[in-house]
Structure formats: structure tokens, C-alpha cells
Amino acid sequence: MTVAAVTTPATWPPRQKSMRESARARFPARAEALNWPATCRSREEIWTQVTSPPFVLADAGTESKRIRGLTRLLGWLESQPGATWQDRWRNSGAEVAGVAWRQVPLRWLDDHGRRSRWLPAELSAALKVMICADLIRPSLSWLVAAASVKGALAGDLAKTRDSAGFARLTTRCDGHPGISARARLRTLQRTSVIIAAKGGSLTDITAGDVLELPDVETEVLAGWPGDGPMLYQILHELGILDRQAPARLRELRTGGQKTPDELIDRYQLTCRPIRDLLVDYRQERQPGLDYNSLRALAYYLGNRFWKDLELHHPDLDSLHLPVEVAAAWRQRLLTQPKTVMTKDGQKSVVSVPRVSYGQCLTSVRSFYLDLSQWAIEDPARWAHWVVPCPVSQDEIGNRKFVRRRKARMDARTRERLPVLPVLVRTVDRRRKTAEELLHASRQAELGDTFTAAGQTLTRSLLAPSTTVCGTPKIWVDGGPGGKRRDLWHEEEYAFWAWAAVEVLRFTGIRIEELLEIGHHSLVQYRLPATGELVPLLQIAPSKTAERLLVVSPELADVLSTIIQRVREPSGAVPLVPAYDWHECVWMPPAPLLFQRRFRTENRSINHGTLRKMLQAALADTGLVDAADGGPLNYTPHDFRQVFITDAIMNGLPPHIAQIIAGHRDINVTLGYKAIYPDEAIQARLAFLARRRSLRPSEEYRVPTDAEWEEFLGHFERRKVATGLCGRAYSTPCIHENARLRCSMHWPAPAQRTRIVEIRDNLIDRIAEADREGWLGEVEGLNISLAGANDKLAQLDRRSPTTTTIDLGMPARQR
């Protein structure tokens with residue numbers, strides 16, 4: 001079995017660490033008390049308390065050992081410096097010793113001749129008595145590490161301090177669906193650890209205490225407790241945690257929406273004035289933009305623009321960029337590094353065109369222009385930032401960008417539409433195979449070999465537990481390369497990949513709309529004319545208004561299968577909250593269809609998990625991407641493009657496709673539809689056939705010999721001395737053979753000399769007419785001269801320009 005790498009708080013990713021710190025800041029844990037009434041009691045008062053019910057044990061032998069250990073422990077603590085029992089415990093050095101804490105009092109007892117054979121166990125029992133009596137409160141990290149103390153601490157606290165609270169907790173754990181015996185025990189133990197370290201009873205536990213404990217456990221035990229959310233969920237259901245605390249621990253640890261300062265400070269800008277300006281700019285734009293747009297704006301301005309300038313020009317402190325600096329920034333923005341796998345299996349970093357190049361330029365230009373506009377309204381605040389914009393209007397012209405994006409989308413659609421049936425067959429086969437293997441494995445005993453779906457596997461003996469953290473696990477041996485397999489996990493991924501592919505290809509909805517489909521999304525509509533009930537699927541609004549889609553019989557089967565899977569024994573679909581990763585907010589619990597059992601709770605399937613499921617299904621298809629030769633990538637949005645293209649190609653009017661897709665503009669819908677070369681050819685041939693059918697049939701009869709001769713003669717009669725006449729068939733010359741004046745005259749290059757002679761003759765005739773006073777001739781001759789010059793200009797434009805260059809005579813070097 002492969003052991004995952006240990007993740008400690010020091011090695012957490014920055015984003016995960018930031019989310020935990022944010023949650024701890026919102027709900028701080030109770031501070032460790034330095035003094036309280038119980039720890040100030042005298043030894044006589046303590047002795048009276050611990051030798052009276054409920055501390056007295058029924059077994060006389062065990063009680064005598066406990067009393068003996070308590071006598072020695074109190075004697076050791078009395079010898080330590082401090083005014084209270086808590087001070088003496090902290091000053092004794094026992095907490096510093098950690099799990100070897102008993103060696104500290106044992107050495108003192110040896111020096112005073114009070115050592116016995118059973119003393120280590122007696123000291124542990126005595127220390128639990130002092131903790132239950134609230135005489136000392138060890139630190140949280142010490143209690144987490146001291147297994148000998150925390151083992152039975154929950155039972156002792158239930159008897160001596162908070163019997164009613166632990167009774168409620170135990171009842172809730174026993175009645176919680178899906179909780180394992182291990183998770184139940186750990187929930188009770190972790191509750192007792194919090195009470196022992198912080199004091200009070202069960203009702204005094206805060207959300208901050210529950211947040212602090214898993215972090216301490218991860219640091220002390222070098223591993224993440226798998227059933228961590230269980231304690232938070234049960235305490236919240238009991239109404240113990242703060243009212244402002246969400247229902248689930250993962251909701252609390254989600255980052256949520258960040259302030260403008262936090263979004264900009266992620267990029268660690270060194271120029272403080274520019275950093276403050278970007279924060280102020282986002283605050284001004286915030287009322288008119290959604291959170292996803294604000295986050296993108298911070299990324300483009302803070303990271304792609306100013307952070308890049310600071311990396312290459314550390315001394316830059318003004319928005320007025322030199323021409324060469326702005327040009328170099330735009331050049332760097334054109335590409336981005338990408339890690340690819342070479343043919344020999346090695347990773348290589350290459351530069352690829354940046355898809356978001358246009359959006360970044362538009363954001364920067366809008367930033368500069370907004371400052372200029374705001375400076376008119378509030379010059380004291382914005383005028384000193386007004387400088388020339390480094391991005392011109394021509395650079396943000398999106399016509400070329402739109403064409404390139406359209407070409408990429410069409411290429412993806414043309415590659416993926418033909419192989420969609422392969423993907424559909426693969427996900428259906430994977431689902432049925434995984435279901436058959438899981439069913440057969442549950443019938444087999446541990447260590448038995450079974451055969452199903454053409455595979456021979458063995459129930460693993462190394463993992464006899466069928467439930468881990470509330471999640472059923474079926475481990476088998478015999479996979480490829482001897483790898484152990486979790487058949488429950490494989491069946492989960494296979495089913496939801498099938499469900500996603502089927503719903504996406506039948507509806508063409510967006511991925512966020514897919515994950516928000518709930519049990520209440522299925523509605524009915526009765527046709528007024530026939531009274532027939534039509535099933536409809538209500539799509540919640542994401543980018544546009546909500547819409548209703550007709551549920552086909554195939555889609556109805558898929559949705560019915562999903563509902564049967566997620567439905568509880570009572571028939572209801574569990575209510576689960578979903579996280580909107582665009583707006584970074586949690587939505588109210590709803591009966592979502594795309595949910596699955598995760599450990600001890602039902603969770604909505606997020607977009608990242610769904611993409612992993614699709615990639616696992618695509619790996620089994622064997623499809624190859626023609627661009628790089630790797631496995632074909634099929635994103636959820638590809639199904640939307642394929643759906644619109646297939647619908648329009650099969651006769652669905654584009655305006656109906658627009659309504660189904662939920663687009664405001666029909667041009668967006670047509671942009672999704674890919675154009676095929678054979679489709680354009682067939683459409684052109686069909687157009688010609690329709691046009692022929694509408695024209696008189698006699699136009700398509702076989703011509704006679706006389707008609708054919710006349711047609712050929714037309715082209716012969718168009719030839720003139722200086723070129724050709726371009727008039728239409730069976731039409732007369734409108735300029736009465738004045739060729740040089742006619743715009744339909746096409747001069748021949750070989751007749752350039754003749755045209756020059758005509759032009760020179762016209763010049764001489766105009767001079768003669770001026771000399772003789774024939775003014776009526778001058779006007780007509782000037783028109784002919786202009787036509788001659790125009791024909792010569794046409795010949796010059798049509799002839800290639802050649803220039804003779806004298807290279808000189810090469811001389812021999814001596």
C-alpha cells in the first residue's frame with residue numbers, strides 16, 4: 001500500500017494555510033487560563049473531593065492503587081515551585097518531556113525512596129483524576145501526544161464533570177447515519193481533550209476550539225485526522241457552537257470572498273503607492289462588477305501588469321511607462337510557459353501563446369482611461385495619476401482575437417464531435433464493469449478470489465475494515481502491476497463520469513448549472529391542447545435567466561438512475577450545501593442530484609472532482625489528441641459546443657438553440673456552432689439546385705448550332721485594335737466604339753505603343769484646335785485624352801515594376 005506524503009502546517013500550500021488562518025481569525029479559540037478557583041484549592045480540599053463520589057471506584061483494589069498514585073503525585077507536585085497546582089505542573093517540566101512525562105515524577109520519587117512496581121500506571125490514573133477534578137489543565141499539544149492519559153479520559157469526564165453533556169454527545173453519535181465505531185470513539189476522545197485543556201463543560205466548547213484541535217493534531221502527530229469534520233458537525237447539530245458558525249467544517253475553512261486589499265496583496269507588490277492605487281481602483285469598480293470579475297481584474301492589473309513590470313524594472317514607481325518598457329511588457333505578455341511531456345517521457349518547459357492576452361490589454365487600458373475620467377470628477381484624488389496609456393485602441397481590437405478563438409473552438413468541436421459515441425460507450429461500459437466488480441467483491445470473503453467482468457481479483461487481507469472514516473472501502477489485489485484497488489472508489493468515479501457525460505450531452509448546459517441541478521428542478525407542464533404531461537428540467541440562472549428544457553426519454557432514464565442512487569431510505573434526497581467557486585460563497589442546502597457520500601457526510605460534487613472523473617474515463621477510451629499526440633482532453637464546456645453544433649446541423653433553428661443554450665445574443669450561439677468544409681459545400685450545391693428549380697426550364701435546354709455560333713461570335717466581335725471590350729453578351733456598345741473613353745475597355749499590354757501614339761495625336765490635335773480657335777473640338781478631344789491616359793495608367797498598374805540597378809564591373813583583387 002502506498003503511503004501518502006505527510007502534510008504538516010509548515011508545509012501546507014499558501015492558499016490552504018491562508019484559509020485556515022482566516023477561519024481561526026474569525027473564530028478564535030479560547031485562551032488557556034492561568035488561574036481558576038479549582039486549581040487554587042488546598043491539598044486537604046482536594047483530598048476530600050477525590051475520595052468522594054463520583055470519584056470513588058467500586059473495585060477496592062483499583063481504588064487503593066489510584067489513591068496510592070494520587071498521594072505520590074500530589075507530593076511530587078507540592079515540591080515544585082508555584083502558587084497553584086497549574087503553576088506547579090507547568091514548572092515541573094513534565095509537559096516538556098511529552099509522552100515520557102512520567103519519568104519526571106519517577107526520578108523525584110526515587111530520590112525520596114517512594115518508588116513501587118506499579119507506580120507508572122498509578123501516576124497515569126492519578127493524573128486523570130486531577131484533570132477530571134479541574135486541578136490542572138495540560139496543554140492541547142501535550143494531551144494529543146499523551147495516549148496513556150487521553151485513552152479513557154472521555155469516560156472519566158463523563159462520570160465526574162459533565163455526565164449530561166457526554167450523554168447527549170453519545171446519543172447523537174449513536175444516532176448519526178454512517179458514523180463508524182472508530183469515528184464515534186475519536187469524537188468522544190477529542191471532545192474530552194478540548195474540555196481537559198480549556199476547562200468548562202461540553203456547552204462551553206467554541207468553534208475556535210474545534211478549529212484549533214485538528215491543527216494541533218496535524219502538527220504533533222504528523223498527519224491529518226481523517227474524521228476531523230465529524231466532531232464539528234455533531235457539536236453544531238447539538239447547538240453547542242456559535243450561532244454564526246456554518247453547519248460544516250469545510251464551509252468554515254473555505255476562503256470566501258477576499259477584500260480588495262487581500263486580492264492585491266497576494267502578489268506582494270513592492271511599490272506602495274501603486275499598490276494603494278490598485279486597491280482604491282478595485283473599490284471604486286466593486287459596486288458594478290461581480291466577484292469573479294473583480295478577482296480577474298486584480299489578477300490582470302496586480303500580477304500580469306504591475307508585478308511583471310516590477311520583476312523586470314525594480315525601480316519603476318510611476319504609471320507613466322517609457323515606450324521601450326511598455327513594448328517589452330506587451331511582448332512578454334504574448335506568451336506564457338507551459339510544461340509538456342516529451343516523447344522520451346521527460347518534462348520540458350515551452351512557450352505557448354497566452355489566451356488571455358486580449359483581456360489583459362483591455363483591463364490595463366480601461367484602468368488608465370478610468371483614471372482619466374475620474375480625474376475630471378475628483379481631480380484631488382485621481383488627477384496626479386493621469387498619464388498616457390501604454391495600450392492603444394488598435395491593440396485592444398478584438399476582431400483578430402475573436403477570429404482566433406472561433407477557429408480554436410471549431411477545431412476542438414470538429415475533433416470531438418465524431419468521437420463522442422466512443423466516449424459514451426466507454427463511460428457506460430466502465431460503469432457496468434465497476435458495478436459488477438463491486439457487487440461480486442461484496443459477496444466474497446476476505447482472502448477469497450473471485451471472477452467478474454472478465455477480471456480475477458482477490459479480497460485483500462491487509463485491509464479487512466469495510467469502513468474508513470464513514471466511507472465504505474472494498475480493497476482487492478490483482479490489479480495491473482499488482483496494485484491494490486479500491487472498488488468502491490472506482491465504482492463512484494465510473495458512475496458519476498457516466499452521469500455527467502449523459503446529462504451534458506443531452507442538455508448542453510454549463511458545468512455550474514449541471515452541479516446545481518436539484519430534485520426540485522424536475523417539473524411538469526401540461527399541454528393545453530392535448531392535456532399531455534411534458535417533463536421539464538429547470539436550469540437555475542448562472543450567467544443568464546433561468547430556462548426550462550424538455551426532458552427526453554434518454555435523459556429521464558439518466559436522471560432517474562441518479563435519484564435512485566442519492567435517495568435516502570426514507571425516499572428523500574439529502575440536503576447538501578454547494579460552493580459557488582465563481583462568487584466564493586456557499587449556497588443554502590438543497591437536494592442536489594450531483595452529490596456523493598464522503599466519509600461521514602454527503603457532499604456536493606465540485607467542478608474539480610468532476611473534471612478528474614471525466615479525465616479518468618477519457619484515459620480508458622484510448623483517444624489521442626491530434627495536436628500533441630497525448631490523451632484527448634474533453635472538458636465539460638466541450639459538450640456544450642458539441643450539443644449546439646449537432647443541434648443546428650440536424651435542423652434545429654438557431655434562435656431555438658439560443659433559447660436552449662441560454663444565450664442573450666444569437667451571435668454567441670452561432671459562434672459556438674462549428675462550420676465543417678463539407679457542410680459549406682453541400683449548402684452551396686443545395687442553393688444552386690434550389691435556384692435552378694425556380695428559374696424557367698427553357699433556360700436549361702440544349703442550345704442549337706446557330707445559337708452556339710452566335711455565342712462564340714460575340715467574343716470575336718469584342719476584339720478591338722487596342723484590347724478587348726468587356727460588355728455583356730448580346731448587348732451593344734454604349735460608347736459607339738469610342739474605346740478609349742469606355743470603362744468596359746480592357747487595354748492589351750501589347751498595344752501600349754498604339755495607345756501612346758493615339759495619346760500623342762490627341763495632344764497635337766488639341767494644340768491645333770486651340771491655335772485655330774475650334775473650341776467645340778477641344779472639349780471632346782480632352783475627354784478622349786483623359787481616357788487614353790487612364791488606359792496607360794491601367795497598363796502601368798498591371799505590369800510588374802522593375803528597376804535596373806548598375807552593379808558595376810567587378811575588379812580582381814591583387
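Points worth noting:
- Criterion: in contact (Cβ under 8 Å) with a residue 12 or more places away in the chain, under 18 Å from residue 587 (Cα atoms) and either open to solvent by 60 Å² or more (accessible area, probe 1.4 Å) or not polar (S, T, N, Q) (or both) - qualifying residue of 302, 256: 256
Here is a yes/no grid of residues against (1) under 30 Å from residue 791 (Cα atoms); (2) modelled with pLDDT of 85 or more; (3) in a loop (DSSP other than H, G, I, E, B):
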{"position": "634", "(1), (2), (3)": "no, yes, yes"}
{"position": "692", "(1), (2), (3)": "no, no, no"}
{"position": "716", "(1), (2), (3)": "yes, no, no"}
{"position": "730", "(1), (2), (3)": "yes, no, yes"}
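- Among (1) open to solvent by less than 10 Å² (accessible area, probe 1.4 Å); (2) more than 25 Å from residue 302 (Cβ to Cβ), the one test that residue 206 misses: (1)
- Residue count, region 568-625 (criterion: among the polar types (S, T, N, Q) and open to solvent by 60 Å² or more (accessible area, probe 1.4 Å)): 3
- Listed by position, the helices (runs of 4 or more DSSP H) inside region 19-94 whose residues that are on the phi < 0 side of the Ramachandran plot, free of Cβ contacts under 8 Å to residues at least 60 places away in the same chain and surrounded by 14 or more Cβ atoms within 10 Å (Cβ to Cβ) number at least 2 are 60-78, 85-91.
- If you check 344, 265, 308 for being over 26 Å from residue 395 (Cα atoms) and at pLDDT 90 or above, only one passes: 265.
- Matching residues, region 133-146, being open to solvent by 10 Å² or more (accessible area, probe 1.4 Å) and over 16 Å from residue 219 (Cβ atoms): 134, 137
One line per residue, one yes/no per condition, for (1) closer than 14 Å to residue 363 by Cβ; (2) surrounded by fewer than 16 Cβ atoms within 10 Å (Cβ to Cβ); (3) modelled with pLDDT of 95 or more:
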| site | (1), (2), (3) |
| --- | --- |
| 312 | no, yes, no |
| 320 | no, yes, no |
| 323 | no, yes, no |
| 326 | no, no, no |
| 333 | yes, no, no |
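- Region 441-461 residues that are touching a residue at least 40 places away in the same chain (Cβ under 8 Å), paired with ones that are in a loop (DSSP other than H, G, I, E, B) (beta carbon under 8 Å, 6 or more apart): 441/474
- The single condition among (1) closer than 28 Å to residue 285 by Cβ; (2) open to solvent by less than 50 Å² (accessible area, probe 1.4 Å) that residue 348 does not meet is (1).
- The set of residues in region 507-525 being open to solvent by 10 Å² or more (accessible area, probe 1.4 Å) and farther than 21 Å from residue 567 by Cβ consists of 510, 511, 512, 525.
- Positions within region 737-767 being in a helix (DSSP H, G or I) and open to solvent by 70 Å² or more (accessible area, probe 1.4 Å), in sequence order: 741, 749, 750, 752, 753, 754, 757, 761, 763, 764, 765
- Complete set of residues in region 543-562 that are touching a residue at least 24 places away in the same chain (Cβ under 8 Å) and either of a type in the set (Phe, Trp, Tyr) or open to solvent by 50 Å² or more (accessible area, probe 1.4 Å) (or both): 543, 545, 548, 554
- Residue list for region 602-628, restricted to those being part of a loop (DSSP other than H, G, I, E, B), in contact (Cβ under 8 Å) with a residue 40 or more places away in the chain and of a type outside the set (Asp, Glu): 605, 606, 623, 626
- Leading residue by the ranking (surrounded by the most Cβ atoms within 10 Å (Cβ to Cβ)) among those in region 275-299 that are aliphatic (A, V, I, L, M) and closer than 22 Å to residue 375 by Cα: 278
- Residue list for region 405-444, restricted to those being surrounded by fewer than 13 Cβ atoms within 10 Å (Cβ to Cβ) and within 23 Å of residue 356 (Cα to Cα): 407, 408
- As for region 275-297, it holds at least one residue that is at pLDDT below 95, closer than 21 Å to residue 395 by Cα and under 28 Å from the mean Cα position of the chain (by Cα).
- So residue 104, is it open to solvent by less than 40 Å² (accessible area, probe 1.4 Å), touching a Gly at 6+ places or on another chain (Cβ under 7 Å) and of a type in the set (A, V, I, L, M, F, W, C): yes
- Filtering region 356-412 to residues that are assigned to a loop (DSSP other than H, G, I, E, B), more than 24 Å from residue 277 (Cβ to Cβ) and in contact (Cβ under 8 Å) with a residue 12 or more places away in the chain leaves only 398.
- Wholly within region 485-601, strands (runs of 3 or more DSSP E) carrying at least 3 residues that are under 27 Å from the mean Cα position of the chain (by Cα): 533-539, 547-550, 595-598
- Hey, residue 668 at pLDDT below 85, closer than 30 Å to residue 489 by Cβ and open to solvent by 30 Å² or more (accessible area, probe 1.4 Å) or not: no
- Unmet requirement for residue 168, which otherwise passes all of (1) part of a helix (DSSP H, G or I); (2) in contact with a Phe, Trp or Tyr (Cβ under 6 Å, 6 or more places away or on another chain): (2)
- Wholly within region 232-326, helices (runs of 4 or more DSSP H) carrying at least 3 residues that are over 28 Å from residue 211 (Cα atoms): 272-285, 291-298, 308-312
- Of all residues in region 179-195 being hydroxyl-bearing (Ser, Thr, Tyr) and over 14 Å from residue 146 (Cα atoms), the one that is surrounded by the fewest Cβ atoms within 10 Å (Cβ to Cβ): 180
The values are calculated or read from the model by the stated rules, or taken from the named source; none is laboratory data. No experiment lies behind these values; they were computed from the predicted model shown. Please note: Cβ atoms are built from the backbone with ideal geometry, for glycine as well, and neighbour counts cover all protein chains shown. Note: areas computed on protein heavy atoms with side chains; ligands, DNA, RNA excluded. Shrake-Rupley method; radii C 1.70, N 1.55, O 1.52, S 1.80 Å.
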